[in-house]
Amino acid sequence: DRLPALLQRMPKAELHMHIEGSLEPELMFALAKRNGLSVPYPDVESLRQAYVFNNLQEFLDIYHQGTLVLRTEQDFYDMTWAYLKRAAADNVRHTEIFFDTQTHTGHGLNTDVVINGLHRACVDAQQQLGLSASLILCFLRHLSEVEAFEALEQALPLRDKLVGIGLASSELGHPPEKFAKVFAKARALGFRLVAHAGEEGPPAYIWSALDILKVERIDHGVQAMKDPALVARLRQDKIPLTVCPRSNLKLRVFPTLAQHNLGAMLEAGLMATVNSDDPAYFGGYMNDNFTQTFAALGLTAQQAYQLACNSFEASFIDASAKQIFQ
Ligand code: ES4
Ligand code: ZN
């Protein structure tokens with residue numbers, strides 16, 4: 001069977017990956033040591049064994065714990081560089097990296113430490129790996145809209161290092177419309193807009209991300225398949241959905257990969273893409289997500305080509321650059 005080799009060597013773009021979720025236990029322990037901090041687990045193996053989740057919130061609590069070792073610009077650089085090298089090995093040619101600032105400012109860091117460390121790794125990736133990388137700042141939706149405005153304000157001096165604004169963290173109880181005003185502001189400032197919606201939350205959250213926040217892509221969006229009118233809207237407007245199969249498996253959105261609806265989304269004519277979300281926590285980078293999902297669902301080489309095309313089409317690289325990639 002030659003499909004795994006095709007999936008591996010196929011050029012692809014990653015559009016949904018939280019950089020803090022790429023921090024592997026080995027690097028977490030190394031950064032803790034460098035910063036004179038401790039990780040509340042005795043070793044790498046016992047930390048990895050703690051990565052068992054029943055839902056999004058259980059994951060977010062452990063994910064937050066992991067971010068406590070990040071203290072300096074070099075820490076953010078090293079984390080990002082490790083991800084970029086790993087992505088290049090999977091033939092990722094372009095990546096749009098999510099990051100939080102509110103997590104880190106909540107620990108006493110400045111926004112510029114975070115953004116400058118990430119950005120310097122992105123510049124080096126273009127030069128040394130031939131991998132283009134851009135940055136999307138995600139507001140934390142469990143915090144208030146006023147706090148999102150503060151995060152946006154603090155990032156504005158670094159505006160040129162960012163391509164877009166997103167919305168992440170605990171979905172249920174925090175619908176997109178909670179952030180209507182701050183997304184309107186970001187839109188007026190020229191940011192590209194995305195939001196997590198329909199991961200655990202209902203189709204109504206996808207509708208409001210589109211109609212109230214006016215996002216261009218939906219992150220996850222797997223719950224859309226419960227609403228035929230929404231499926232028609234997503235198909236007609238060619239709204240990209242950044243699907244993360246191993247994330248959905250680990251957070252029990254679907255009981256098994258064989259029960260995932262990626263195949264049904266493609267059959268319905270939706271512009272789905274495959275992404276890793278939080279690869280260090282969910283046990284797989286891009287090609288793990290592709291090969292395992294294709295095996296479980298019996299997807300085809302034609303669908304692999306479709307997903308690769310979708311990933312570049314849905315990206316925020318400019319139109320002339322897209323032609324070079326394709
Ligand atoms: C996340 Cl899987 C997921 N969902 C929502 N927000 C997140 N932040 C990091 N991973
Ligand atoms: Zn995500």
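Show me 164-172, 4-12, 94-102, 273-281 ranked by packing, highest mean number of other Cβ atoms within 10 Å first. Please report the intermediate quantities before stating the final value.
Details: 164-172: 22.6, 4-12: 17.1, 94-102: 24.4, 273-281: 27.6.
Per-residue Cβ counts within 10 Å, averaged per peptide and sorted highest first, yield 273-281, 94-102, 164-172, 4-12.
Could you list, bin by bin from short to long, the percent of Cα-Cα pairs of segment 3-317 in 10 Å steps?
Reading upward from the zero bin: 6, 29, 38, 23, 4, 0.
So, in nm, how far is label Gln74 from label Gln57 when the simple model puts each one 7 Å beyond its Cα toward the Cβ?
Taking the two extended label points, one gets 3.9 nm.
Take peptides 120-126, 311-317, 45-51, 137-143 and line them up by average Cβ neighbours within 10 Å, highest first, as a rough protection proxy. Don't skip to the answer; put the middle values down first.
On the way: 120-126: 17.1, 311-317: 21.0, 45-51: 13.9, 137-143: 22.9.
Ranked from most to least packed, the peptides come out as 137-143, 311-317, 120-126, 45-51.
Check which residues have an amide H placed less than 5 Å from Ala272's amide H, if you skip close sequence neighbours.
Residues meeting the criterion, in which the H sits 1.01 Å from N, are Leu241.
Under the rule of -39500 (n - 2.57) per DSSP H run of 4 or more residues, summed and divided by the residues of the chain, what mean residue ellipticity at 222 nm is obtained, to the nearest 500 deg cm²/dmol? Don't skip to the end; give the middle numbers.
Details: 17 runs with 158 residues, N = 326.
Using -39500 (n - 2.57) per qualifying helix, the result is -14000 deg cm²/dmol.
R0 = 41 Å: FRET efficiency of Cys309 with Asn35, Cβ-based, nearest 0.05? Mind dumping the intermediate values first?
Working: r = 43 Å, r/R0 = 1.04.
It comes to 0.45.
In Å³ and rounded to a whole number, note down the convex hull volume per residue for the Cα atoms of segment 151-214. Don't jump to the answer; show the numbers that get you there.
Numbers: hull volume 5.2 nm³, N = 64.
Enclosed volume per residue, from the Cα hull, is 81 Å³.
List the relative contact order of the chain as a percent without decimals, with contacts defined as Cα pairs under 8 Å and 6+ residues apart. If you can, show how the numbers build up before the last one.
Values: 559 pairs, mean separation 65.9, N = 326.
The value is 20 percent.
Separation between the Glu147 and Gln65 pseudo-spin-labels, each 7 Å from Cα along Cα→Cβ, expressed in nm?
With each label placed 7 Å out from Cα toward Cβ, I get 2.0 nm.
Distance from the Cα centre of segment 161-202 to that of segment 244-269, in angstrom?
Using only Cα atoms to place each centre, the spacing works out to 23 Å.
From the phi of every residue in segment 18-26, what ³J(HN,Hα) in whole Hz does the Karplus formula 6.51 cos²θ - 1.76 cosθ + 1.60 yield, where θ is phi - 60° and glycine or proline is x?
Per-residue couplings from phi come out as 8, 4, 5, x, 9, 6, 6, x, 4 Hz.
Lysines near Lys161 by alpha-carbon distance under 23 Å, same-chain residues fewer than 8 away left out - which ones?
Lys12, Lys85, Lys181, Lys185, Lys214, Lys322
Read-outs throughout are calculated quantities, based only on the coordinates presented, and are distinct from any laboratory measurement. As the structure is a computational prediction, the values presented were derived from the model and not from experiment. A quick note on method: Cβ atoms are made from the backbone with ideal geometry, for glycine too, and the neighbour counts reach across all protein chains shown.
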